[in-house]
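Report on the structure given below.
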């Protein structure tokens, strides 16, 4: 077999990957996918709809074709299935809002100097990164990430298969948008939810609970998860995308408090990016660790053995790992 010379394609593509992010953000801002979904298939129709030049729309649309969000035939554009589901504003599963958090200046600034974060072993944004008290980025998180959380919540409670007739008492720690507790309250009409988060974030959760018709069973507990009195008798404690922000000692401390707050048969439910023990697979979970390095002082992407060790140290008798298919995330269920 003839030896072919190496060429730095992967290096070039990675160093220019920011162009993909910027292009998709631009398409979302111009509402390009909604415009195409409405039937504006040609440049002549798309340009005025997006209030942009034909030249610019052509280049952006062709870029979206290359990325797989648009299809092109006979100079006409159409949505691919993923774009129709997640990028057309009229879709019930629209995810364009994710850009508000994932590409926010606070989050992206953490990656401005990765070498400095690696040298330090933690974020160089400021002393506390994104985990400072009442940080405004979490209000943006609550508003932007709610559609994705709603989808994950449905997958999660399908997996858990909870008895819909039971009167579940639930504590949702770092509730954010509140979508996980709200989804459970909708499924199980006798459920009561207590959402813990900073006061500025809980405003968003309360709005969502009212819109979902469960406000009468949705209470709030303002404060810091580590120092606020949690109460007791909970059947479920939800830890959705939270523990990865902190070091293992802090996580175990909180898990010990949660263990004490649970009823005798209670469970802690952890949704997170959980890499395999090799820490390089699966890709989304493995790559998440760097996001924690860039944006927090001591966070990480923890393996299941890490979680199991922390949970057992906190007094939990058993923990199990589940893949949240088709999400890239995993679920750890811990039994008191």
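Throughout, read-outs are computed from the coordinates displayed, never taken from laboratory work. Since this is a predicted model, take the numbers as computed values, not measurements. Please note: Cβ atoms are built from the backbone with ideal geometry, for glycine as well, and neighbour counts cover all protein chains shown.
Applying 1/(1 + (r/R0)^6) with r as the Cβ-Cβ distance of residue 59 and residue 14 and R0 = 30 angstrom yields a FRET efficiency of 0.85. For the chain, DSSP calls about 45 percent of its internal beta bridges antiparallel. The label-point distance for residue 327 and residue 186, in a model that sets each label 7 Å from Cα toward Cβ, rounds to 1.4 nm.
Distance distribution note for segment 9-93: the fraction of Cα pairs above 17 angstrom is 43%. What the Cα atoms of segment 101-335 give is an Rg and a Dmax of 16.9, 53 Å.
Kindly give Rg over Rh for segment 1-59, based on alpha-carbon atoms, with the Kirkwood expression for the hydrodynamic radius.
Numbers: Rg = 17.2 Å, Rh = 13.7 Å.
Result for segment 1-59 is an Rg/Rh of 1.26.
Computed over the alpha carbons of segment 212-333, Rg followed by Dmax gives 14.9, 46 Å.
Could you tell me the relative contact order of the chain? Use alpha-carbon pairs under 8 Å, at least six residues apart, and round to a whole percent.
On the way: 578 pairs, mean separation 42.7, N = 336.
Once normalised by length, the contact order is 13 percent.
This ranking places 335, 198 by how few other beta-carbon atoms lie within 10 Å of each, fewest first, which gives 335, 198. Exposure proxy ranking for 87, 60, 98, based on other Cβ atoms within 10 angstrom of each Cβ and starting from the fewest, stands as 98, 60, 87.
Dimensions of segment 174-218 from C-alpha coordinates, computed as largest minus smallest value along each principal axis and given longest first, are 27, 17, 14 Å.
Got a sec? How would 177, 322, 244 order by Cβ neighbour count within 10 Å, fewest to most?
On the way: 177 29, 322 14, 244 20.
Least to most surrounded, the residues fall as 322, 244, 177.
For the pair residue 29 and residue 116, a Förster radius of 30 Å applied to the C-beta separation gives a FRET efficiency near 0.50, rounded to the nearest 0.05.
Over the residues of the chain, the helix contribution to mean residue ellipticity at 222 nm works out to -13000 deg cm²/dmol, using -39500 (n - 2.57) for each DSSP H run of at least 4. Extension gain, residue 167 to residue 256, is 29.6 nm, computed as 0.36 nm per intervening residue step minus the present C-alpha separation.
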